[in-house]
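In what follows, a structure is listed as structure tokens, so that the remarks can point back to it.
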Amino acid sequence: MDVTQWIIFFLVIQVLHGLATWKLYKKANRQAWEAFVPVYNAVILMKIINRPWWWTILLFLPIVNLILFPVVWVEIARSYGKNSALDTFLAIFTFGFYSFYLNYVATDVTHKKDRDLQPRTELGDWVSSILFAIVAATIVHTYIIQPFVIPSSSLEKTLLVGDFLLVSKLHYGPRAPQTTVAVPMIHDAIPGTTTPSYFKFPQLPKFRLPAFQNIKRNDIVVFNWPVDTLVEINKPYGAVRHKPIDKKTNYVKRCVGLPGDNLSIKDGYVYIDGVKNELPDRAKLQFFNLVETNTPLNQEFIDQYKLTEWGQVKSISTARWNDDKVQNLVRAKGYQFEVIKQDSVKTILLGSAENEFMKIMGMSIESNAVYANMTDDLASAMRTDPYVKEITKQLSSSTTENIFPNTPGYTWNRDNFGPIYIPEAGKTVALTIENLPLYKRAITVYEGNTLKVNGNQISINGDVVDSYTFKQDYYWMMGDNRHNSQDARMWGFVPFDHVVGKPVFVWMSWDTNGKGINKIRWERLFTTVGGEGKLTSYFIPFLVLLGLIFGYNKFKKRKNA
């Protein structure tokens, strides 16, 4: 629904409310016309039902109002003496239309000005407490701060799988939900199912409250994955469905490119306008390396260097690997191998295959090598180990990777990419057939235009054009784990309307590979996400503060006893 449609819808609701309650307003010694005036009628209604005026604000907050509307419908009935379970049922399950009955049909309706607001039963008190706890939590979750857990290793060593974050909505400006009907605090699907936790319609127009700050270069940002249409995020080739922006999967990456930047990637490092991007000292870039040792590898070596992402590699004689019959057999079996090192004698491969096939091929596990993800600092330290023979960073030279914009003519890969201009709101970009693939999705999907190409002629919304002025800012989001990150190199720009918030705090960190009490990464508890210098845990100060508060309250109770 666009803005005009929402205004019409809002006015229709106001008319219905007036028609359903104007006599009730009069019975409460108010004027009939007050039931028809938008917003003002809600303020007066709060007085009639003896509830605080600020409930009016809650009635206009998406998702929160879904909880509050039924409460108000019940409160209207009770304010006129309708307290039975049947009255409550009718007020809720007629979606408030029970008020028409009270307004026009019921003859025993009298306004109870000083009615008791306390629930009459223990169950009623419990339900009331739960409802308003949900309201408060939904407001905090939607507009202030949201919990988030790191699900993948794209920022590994900087943020770890199993880190539980608090994400601030205030930094970049809280978004009002576009999806108006949804289960509170449930993002995409109802837990344990693939059933959506929301209705697609109606949708509110995009709206964002003022921000405390703009997104800065190298900020870690949570955003909605722009290309998400997956029913199940862990099934990349499974069923798909259209999702509203605010219901797309939440991703977390580092913003390395800002609106207006000219960005390129050289050997895995980001350059902005030709200058290498300097990351904060807490950022830990990782790349896959082939580590070759003088003697067979063992688990002690893996543990010594704390390698978390590594795999065995295979070797085969180069002459055999280059044999056309061998290549045909590999293709026929559907196996995919990547050559990561080759000389005249031996070829080292990455990939998996059945043992029987490996025997037929004359392929074996390379006992003196491992394919491992690590920082440059760790690779440098490892090179001084006499146990290590050679370390080779595995930079891509491919021209056929699944890389944005996935169009013939662009031979970029994960490690060498661009240059590419990142669109800025209000700035105009010249359009050509050659650069159109870079901006087509932004122009059509993110900014809602129709685009057609006829030969060398580009038309937007039916008009032939040679340029386009962007309506919003775009960002380039990448993982620090450069060789194991699903990021902008695969799907392009992130529009600002997809930005969720800024991670500010790690309150818990859980290591599934740990044992016993060490499953908790104690050194990461209550640590900040941003900042410079060594990571510092504020867990002990938190416990001390908690103890002081508890002790003070206990002392105060004893003193007052």
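The values are calculated or read from the model by the stated rules, or taken from the named source; none is laboratory data. Because the structure is predicted, anything quoted here is derived from the model rather than measured. Every residue, glycine among them, receives a Cβ derived from its backbone with ideal geometry; neighbour counts consider all protein chains shown. Remember, those area values only see protein heavy atoms, side chains included, never the ligands or the DNA or RNA. Shrake-Rupley method; radii C 1.70, N 1.55, O 1.52, S 1.80 Å.
Are there any pairs with C-beta distances below 8 angstrom linking a residue in segment 159-173 that is at positive phi to a residue that is surrounded by 18 or more Cβ atoms within 10 Å (Cβ to Cβ), with the two at least 6 apart or on different chains, and if so which? What qualifies is Gly162/Ile150; Gly162/Ser509; Gly162/Arg521.
When the criteria are applied in full, Asn449 fails the requirement of being farther than 23 Å from Ala283 by Cβ, assigned to a loop (DSSP other than H, G, I, E, B), at pLDDT below 95 and not aromatic (Phe, Trp, Tyr). Those helices (runs of 4 or more DSSP H) of segment 253-350 in which at least 3 residues are modelled with pLDDT under 90 and basic (Lys, Arg), considering only elements entirely within it, cover 324-333.
Scanning segment 355-393 for residues that are in contact with a Gly (Cβ under 9 Å, 6 or more places away or on another chain) and of a type in the set (Val, Ile, Thr) returns a single hit, Val370. Among the residues in segment 282-294, are any closer than 16 Å to Asn368 by Cβ and among the aromatic types (Phe, Trp, Tyr)? Among the residues of segment 282-294, not one is closer than 16 Å to Asn368 by Cβ and among the aromatic types (Phe, Trp, Tyr), which makes the answer no. In segment 260-277, the residues that are touching a residue at least 40 places away in the same chain (Cβ under 8 Å) reach residues that are surrounded by fewer than 18 Cβ atoms within 10 Å (Cβ to Cβ) and of a type in the set (Lys, Arg) with C-beta atoms within less than 7 angstrom, at least six apart or across chains, in these pairs: Gly260/Lys427. The strands (runs of 3 or more DSSP E) found entirely in segment 117-183 that carry 1 or more residues being modelled with pLDDT under 90 and over 15 Å from the mean Cα position of the chain (by Cα) are 179-182. In this structure, is Leu66 among the hydrophobic types (A, V, I, L, M, F, W, C), open to solvent by 50 Å² or more (accessible area, probe 1.4 Å) and either touching a strand residue (DSSP E or B) at 6+ places or on another chain (Cβ under 6 Å) or in a helix (DSSP H, G or I) (or both)? Spelling it out, Leu66 is indeed among the hydrophobic types (A, V, I, L, M, F, W, C), open to solvent by 50 Å² or more (accessible area, probe 1.4 Å) and either touching a strand residue (DSSP E or B) at 6+ places or on another chain (Cβ under 6 Å) or in a helix (DSSP H, G or I) (or both). When Ser99 is tested against (1) over 30 Å from Tyr251 (Cα atoms); (2) open to solvent by 60 Å² or more (accessible area, probe 1.4 Å); (3) in contact with a helix residue (DSSP H, G or I) (Cβ under 9 Å, 6 or more places away or on another chain), exactly one condition is not met: (2).
Contact map, segment 3-16: first residue closer than 16 Å to Phe207 by Cα, second residue modelled with pLDDT under 90 and open to solvent by less than 80 Å² (accessible area, probe 1.4 Å), Cβ cut-off under 6 Å, separation 6 or more or different chains; pairs are Val3/Pro205.
Filtered by the rule that a residue be open to solvent by 50 Å² or more (accessible area, probe 1.4 Å) and closer than 17 Å to Thr512 by Cβ, segment 129-156 gives Val149, Pro151, Ser152. For segment 17-54, the candidate set comprises residues that are among the polar types (S, T, N, Q) and touching a residue at least 60 places away in the same chain (Cβ under 8 Å); within that set, the residue that is farthest from Gly448 (Cα to Cα) is Asn29. What residue, among those in segment 452-479 that are assigned to a loop (DSSP other than H, G, I, E, B) and acidic (Asp, Glu), is farthest from Leu155 (Cα to Cα)? Of everything passing the filter in segment 452-479, Asp466 is farthest from Leu155 (Cα to Cα).
Among residues of segment 403-416 being within 25 Å of the chain's Cα centre (by Cα) and more than 25 Å from Val370 (Cα to Cα), the one that is surrounded by the most Cβ atoms within 10 Å (Cβ to Cβ) is Ile403. Pairs, please: C-beta under 8 Å, at least 6 apart or cross-chain, first residue closer than 16 Å to Leu263 by Cα and in contact (Cβ under 8 Å) with a residue 12 or more places away in the chain and in segment 392-416, second of a type in the set (Phe, Trp, Tyr) and open to solvent by 50 Å² or more (accessible area, probe 1.4 Å)? The qualifying pairs are Ile403/Tyr410. Once segment 511-532 is narrowed to residues that are polar (S, T, N, Q) and open to solvent by 80 Å² or more (accessible area, probe 1.4 Å), the residue that is modelled with the lowest pLDDT is Asn513.
One line per residue, one yes/no per condition, for (1) touching an Asp or Glu at 6+ places or on another chain (Cβ under 6 Å); (2) of a type in the set (Ser, Thr, Tyr):
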{"residue": "Gly238", "(1), (2)": "yes, no"}
{"residue": "Tyr251", "(1), (2)": "no, yes"}
{"residue": "Leu258", "(1), (2)": "no, no"}
{"residue": "Asn262", "(1), (2)": "yes, no"}
{"residue": "Ile265", "(1), (2)": "no, no"}
{"residue": "Gly268", "(1), (2)": "yes, no"}
{"residue": "Leu279", "(1), (2)": "no, no"}
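Report yes if some residue within segment 364-378 is in contact (Cβ under 8 Å) with a residue 40 or more places away in the chain, over 19 Å from Tyr271 (Cα atoms), hydrophobic (A, V, I, L, M, F, W, C) and not in a strand (DSSP E or B); otherwise report no. Checked against the condition, which is being in contact (Cβ under 8 Å) with a residue 40 or more places away in the chain, over 19 Å from Tyr271 (Cα atoms), hydrophobic (A, V, I, L, M, F, W, C) and not in a strand (DSSP E or B), segment 364-378 yields at least one hit. Applying the criterion of being in a helix (DSSP H, G or I) and open to solvent by less than 100 Å² (accessible area, probe 1.4 Å) to the residues of segment 533-544, the residue that is nearest to Trp507 (Cα to Cα) is Phe539. Scan segment 509-530 for residues that are under 17 Å from Glu156 (Cα atoms) and outside any helix (DSSP H, G or I) and the total you get is 13.
The condition of being part of a loop (DSSP other than H, G, I, E, B), modelled with pLDDT of 95 or more and either within 19 Å of Leu297 (Cα to Cα) or not hydroxyl-bearing (Ser, Thr, Tyr) (or both) holds for only one of Pro419, Pro386, Pro423, Pro408, that being Pro423. Among the residues of segment 422-450, those that are surrounded by fewer than 19 Cβ atoms within 10 Å (Cβ to Cβ), in contact with a strand residue (DSSP E or B) (Cβ under 6 Å, 6 or more places away or on another chain) and hydroxyl-bearing (Ser, Thr, Tyr) comprise Thr428, Thr444.
When Val500 is tested against (1) outside any strand (DSSP E or B); (2) surrounded by 10 or more Cβ atoms within 10 Å (Cβ to Cβ); (3) not polar (S, T, N, Q), just one condition goes unmet, and that condition is (1).
Scanning segment 204-228 for residues that are surrounded by 19 or more Cβ atoms within 10 Å (Cβ to Cβ) and not in a loop (DSSP other than H, G, I, E, B) returns Ile220, Val221, Val222, Phe223, Asn224.
Which of the residues that make up segment 1-59 are polar (S, T, N, Q), over 34 Å from the mean Cα position of the chain (by Cα) and open to solvent by less than 80 Å² (accessible area, probe 1.4 Å)? So that I can check it myself, show each step before the final result.
From segment 1-59, those polar (S, T, N, Q) are 4-5, 14, 21, 29, 31, 41, 50, 56; that's our starting set.
Narrowing the set further to residues that are over 34 Å from the mean Cα position of the chain (by Cα) leaves 14, 21, 29, 31, 41, 50.
Within segment 1-59, Gln14, Thr21, Asn41, Asn50 meet the criteria.
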